[in-house]
Every structure is written in C-alpha cells, then in structure tokens.
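Structure first, then comments.
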Amino acid sequence: MRSEQDFSGMAALAICESMLLAMNDHKLLAEREIMGILRDAAKTHETAAVTDGEIEAHRSVAVLINRIIAGGNSVRRPPG
C-alpha cells in the first residue's frame, strides 16, 4: 500500500515537470538550461553524503531523474 509520502512525491514531481514545460514553452528557460537543472539535481543525489540507510533512496531518486532526462519528459520536442 502506498503512503501519503508517496503521493506527495508523485504530486511534487508532476508539478515540477509541468513548471519546466511551462518555462520552456514561454521561453523563460531554454531546453539546455532545463536539462542542466535536471542533471544538477541527479548529481546532487548521486553524490549525497548520507548514512547507509539513505544511500538507496538517493540512488533511486538519481535514477528517476536520469530517466526523465533520457525520456525528454520535461521539454516538448517536435516530432521527428
């Protein structure tokens, strides 16, 4: 069973992705800047100085962010 924390995390992710899309659509941030934000976020979790009990959580977050980068979910790209 999922917890309220799971739902909070899913909501936060959806909101952030929508904000990145809107910022790109309105030309507030270029695609390269958005990708930079995502790479920085992933790197922060990859290199986090944490206790053993937190390592897996940070790695999982980094993997998720890297999947978002690979999938192009946070920028609209023309078909082709």
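Below, the figures for the structure above:
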{"item": "Reference-scaled alpha-carbon Rg (2.2 N^0.38 Å with N residues) for the chain", "result": "1.21"}
{"item": "Under the Karplus curve 6.51 cos²θ - 1.76 cosθ + 1.60, θ = phi - 60°, whole-Hz ³J(HN,Hα) for segment 57-71, x wherever Gly or Pro sits", "result": "5, 5, 4, 5, 5, 4, 4, 4, 4, 5, 5, 4, 4, 5, x"}
{"item": "Using a Förster distance of 35 Å, the FRET efficiency for residue 6-residue 30 (Cβ separation, nearest 0.05)", "result": "0.60"}
{"item": "Within segment 10-56, trypsin sites (Lys or Arg not before Pro) in DSSP loop having at most 16 other beta-carbon neighbours inside 10 Å", "result": "27"}
{"item": "Using a Förster distance of 35 Å, the FRET efficiency for residue 56-residue 19 (Cβ separation, nearest 0.05)", "result": "0.80"}
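Throughout, read-outs are computed from the coordinates displayed, never taken from laboratory work. If you're wondering where the values come from, they're calculated on a predicted model, not measured in any experiment. Here Cβ is always computed from backbone atoms with ideal geometry, including for glycine, and neighbour counts include all displayed protein chains.
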